[in-house]
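To start, the structure itself, in structure tokens.
The values are calculated or read from the model by the stated rules, or taken from the named source; none is laboratory data. Just so it is clear, the model here is predicted, and its values are computed rather than measured. Methodologically, a virtual Cβ is constructed for each residue, glycine included, from the backbone with ideal geometry; neighbour enumeration extends over all protein chains shown.
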């Protein structure tokens with residue numbers, strides 16, 4: 001084993017990367033745990049700086065290109081891991097550097113704009129929907145959670161690497177959408193029409209807001225379309241990732257006709 005001590009300096013460093021947003025930003029590095037997640041990153045063209053494998057947990061053969069590959073004990077891996085039922089694989093990747101100028105949109109793009117999402121699990125679930133539905137990009141406006149938080153990576157199952165994901169301000173996102181003539185759809189319980197009653201087949205950005213307060217007035221006032229999801233129970237809202245999936249897949253259904 002290359003690393004057997006919980007007090008190893010590299011172990012302490014990786015824990016800081018895992019837990020501290022400022023450390024991740026300072027070094028432009030992030031942790032990715034899990035064979036599938038690491039391989040999605042590789043398929044997207046990202047190369048890890050280092051790879052840590054716990055042979056006592058993992059039965060897979062190592063064939064991943066990395067600057068540095070180290071074996072660690074089961075105890076060390078458990079110290080580093082942030083997942084239930086870990087599979088013995090953790091890699092350190094440079095954080096993806098994406099900007100609006102990197103986006104290559106087709107003639108009929110579908111995007112998601114997530115404003116001030118607070119929970120990493122919800123942001124990760126939105127990324128999985130974006131990947132599954134072929135969304136062109138996820139724009140994360142005025143974020144309250146770090147998109148490179150390990151829990152975002154975990155909840156996204158690695159689709160953070162397959163969907164262009166960009167942090168930016170509300171103003172910059174609006175300017176980009178207007179420049180590319182992309183209609184803005186706001187999801188709000190106060191809308192008069194249900195999301196299935198609107199034409200969602202053209203260039204579209206689905207805007208979703210915070211878990212507790214929904215969209216800000218900024219987007220509600222700028223929206224070209226406002227839709228609601230019918231609610232017949234006692235509560236008046238859905239989880240933001242579920243609401244996003246419903247609307248995005250309705251847009252996809254209309255496009256696939």
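Within the range 174-188, being farther than 16 Å from residue 245 by Cα, in a loop (DSSP other than H, G, I, E, B) and touching a residue at least 24 places away in the same chain (Cβ under 8 Å) holds for 180, 182.
Taken residue by residue, the range 191-198 has no member that is under 25 Å from the mean Cα position of the chain (by Cα), within 22 Å of residue 168 (Cα to Cα) and modelled with pLDDT of 95 or more.
Exactly one residue out of 38, 126 is part of a helix (DSSP H, G or I), out of contact with any helix residue (DSSP H, G or I) (no Cβ under 9 Å at 6 or more places or on another chain), surrounded by 15 or more Cβ atoms within 10 Å (Cβ to Cβ) and in contact (Cβ under 8 Å) with a residue 40 or more places away in the chain, and it is 38. Among the residues of the range 99-120, write down those that are crowded, with 17+ Cβ neighbours inside 10 Å and in contact (Cβ under 8 Å) with a residue 40 or more places away in the chain. If the condition is that a residue be crowded, with 17+ Cβ neighbours inside 10 Å and in contact (Cβ under 8 Å) with a residue 40 or more places away in the chain, then 109, 110, 111, 112, 113, 114, 115, 116, 117, 119 are the ones that fit.
The conditions of being free of Cβ contacts under 8 Å to residues at least 60 places away in the same chain, surrounded by 15 or more Cβ atoms within 10 Å (Cβ to Cβ) and over 13 Å from the mean Cα position of the chain (by Cα) are met by residue 53.
Answer yes or no as to whether residue 94 is out of contact with any helix residue (DSSP H, G or I) (no Cβ under 8 Å at 6 or more places or on another chain) and either on the phi < 0 side of the Ramachandran plot or in contact (Cβ under 8 Å) with a residue 60 or more places away in the chain (or both). Considered against the rule, which asks whether it is out of contact with any helix residue (DSSP H, G or I) (no Cβ under 8 Å at 6 or more places or on another chain) and either on the phi < 0 side of the Ramachandran plot or in contact (Cβ under 8 Å) with a residue 60 or more places away in the chain (or both), residue 94 comes out as yes.
Matching residues to (1) over 28 Å from residue 162 (Cβ atoms); (2) modelled with pLDDT of 95 or more:
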site: 6; (1), (2): yes, yes
site: 10; (1), (2): yes, yes
site: 15; (1), (2): no, yes
site: 51; (1), (2): no, no
site: 68; (1), (2): no, no
site: 72; (1), (2): no, yes
site: 81; (1), (2): no, yes
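The residues in the range 209-234 that are surrounded by fewer than 15 Cβ atoms within 10 Å (Cβ to Cβ) and within 14 Å of residue 190 (Cα to Cα) can be counted, and the count is 5.
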